[in-house]
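K.L.:
Below are the C-alpha cells for one structure; questions will follow.
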Amino acid sequence: MKSTRGLTAARRLAVYGTLSVWLSLTLLEQLQKGTKVNRRVDPLSAVIPNWRFFGPQPAMHDCHLLYRDELEGGEMTAWREVDVIEERRSSHMVWHPNRRREKALFDATEEMKSYVGRERELRILQLTVPYLLLLSYVTHNCDHHAQALRTQFLLANGPGYDEKGPEPLLFFASDIHALSSSRKESHVDLV
C-alpha cells in the first residue's frame, strides 16, 4: 500500500513540476526573456505558446486593396476599393464567420508589405502566397465590368480613421492578369 501511495505522489510531483516549468517558460516567452532557452527546449515553437497582447509596432495605417479592369478596347476602368470589413454588430462577439476572410486579406496585405520591402522584382513577387491570394480574391470575389478582359490590383497605406492624415501612399501595383471566362455570374456593368 505504501509503495502505491509513494508512486502516486511521485507522479503527481512530476506533473506539478512539468507544469511549473512549462508555465515559467511561457511567462518568459511573453516577456521576451529567455528566448534562447526556449528555442533550445522548443525549437519549433509548438509547446511554448507566445501570446503577445501588444505588438512591438502597433498598426498605424490601414492597408487598402483596390482593383481596376482592362476592357476590350484597352481602356482601364477607375480604381475601386475592396471593402471586406463588415460594420461590427453585437452578434459578432459570438458568431462572425466573415472574420476569417477579413483576417486572411489583412494578413496577405501585411505580408505583401514585407515582401515588397525585400524583393523588387515583380516576377518573383507574383509567385508568393500573399500575391496569389490577393489576385485570386480580386479575380473571383469582386464585381468586374461586363467587358473586362483583365484585372489589376493595388495596395495603399492610408491614415485609417484619421481623415486629416496624409493621402494614402501607394506601395504596390500588381501586373495585369487575365480574367477567366468562367466568371460570367459575377459580371456587373459598372459604368
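The values are calculated or read from the model by the stated rules, or taken from the named source; none is laboratory data. All figures in this text were calculated on a predicted structure; none of them were measured in a lab. As a convention, Cβ positions derive from the backbone with ideal geometry for all residues, glycine included, and neighbour counts pool all protein chains shown.
K.L.:
Is it true that some residue in region 112-128 is within 21 Å of D83 (Cα to Cα), modelled with pLDDT of 85 or more, touching a strand residue (DSSP E or B) at 6+ places or on another chain (Cβ under 8 Å) and not in a loop (DSSP other than H, G, I, E, B)?
P.N.:
Residues of region 112-128 within 21 Å of D83 (Cα to Cα): 112-113.
Then drop every residue that is not modelled with pLDDT of 85 or more, which leaves 112-113.
Checking which are touching a strand residue (DSSP E or B) at 6+ places or on another chain (Cβ under 8 Å) leaves us with 112-113.
Cutting the leftovers down to not in a loop (DSSP other than H, G, I, E, B) gives us 112-113.
Yes, region 112-128 contains at least one residue that is within 21 Å of D83 (Cα to Cα), modelled with pLDDT of 85 or more, touching a strand residue (DSSP E or B) at 6+ places or on another chain (Cβ under 8 Å) and not in a loop (DSSP other than H, G, I, E, B).
K.L.:
Looking for something modelled with pLDDT of 90 or more, part of a loop (DSSP other than H, G, I, E, B), among the small types (G, A, S) and over 17 Å from V116 (Cβ atoms) - is there at least one such residue anywhere in region 138-150?
P.N.:
Checked region 138-150: at least one residue is modelled with pLDDT of 90 or more, part of a loop (DSSP other than H, G, I, E, B), among the small types (G, A, S) and over 17 Å from V116 (Cβ atoms).
K.L.:
Only one of A10, A78 is under 27 Å from the mean Cα position of the chain (by Cα), among the small types (G, A, S) and modelled with pLDDT of 85 or more. Can you tell me which? So that I can check it myself, show each step before the final result.
P.N.:
Numbers: A10 fails: under 27 Å from the mean Cα position of the chain (by Cα).
After applying the criteria, what remains is A78.
K.L.:
Six or more apart or on different chains, Cβ atoms under 8 Å: show the pairs whose first residue is in region 164-190 and modelled with pLDDT under 85 and whose second is assigned to a loop (DSSP other than H, G, I, E, B) and among the aliphatic types (A, V, I, L, M).
P.N.:
H187/A146; V188/A146; D189/A146
K.L.:
Among the residues of region 77-100, which ones are β-branched (V, I, T) and in contact (Cβ under 8 Å) with a residue 60 or more places away in the chain?
P.N.:
Of all residues in region 77-100, those β-branched (V, I, T) come to 77, 82, 84-85, 94.
T77, V82 - these are the residues of region 77-100 that are β-branched (V, I, T) and in contact (Cβ under 8 Å) with a residue 60 or more places away in the chain.
K.L.:
State yes or no: is L105 touching a strand residue (DSSP E or B) at 6+ places or on another chain (Cβ under 9 Å) and either among the basic types (K, R) or closer than 14 Å to L154 by Cα (or both)? Write out each step before concluding.
P.N.:
Numbers: touching a strand residue (DSSP E or B) at 6+ places or on another chain (Cβ under 9 Å): yes; either among the basic types (K, R) or closer than 14 Å to L154 by Cα (or both): yes.
In short, yes.
K.L.:
Would you check if there is a residue in region 129-137 being of a type outside the set (G, A, S), exposed (fewer than 14 other Cβ atoms within 10 Å of the Cβ) and under 16 Å from the mean Cα position of the chain (by Cα)? I'd like the intermediate steps shown before the answer.
P.N.:
Kept after step one, since they are of a type outside the set (G, A, S), are these residues of region 129-137: 129-135, 137.
Applying the additional criterion that residues be exposed (fewer than 14 other Cβ atoms within 10 Å of the Cβ) yields 129, 132.
When the remaining residues are screened for being under 16 Å from the mean Cα position of the chain (by Cα), the result is 129, 132.
Yes, region 129-137 contains at least one residue that is of a type outside the set (G, A, S), exposed (fewer than 14 other Cβ atoms within 10 Å of the Cβ) and under 16 Å from the mean Cα position of the chain (by Cα).
K.L.:
Also, quick follow-up: Give the residue that is nearest to S180 (Cα to Cα), with candidates limited to residues of region 66-97 that are surrounded by 10 or more Cβ atoms within 10 Å (Cβ to Cβ) and of a type in the set (S, T, Y).
P.N.:
Step by step, filter region 66-97, then rank; the result is Y67.
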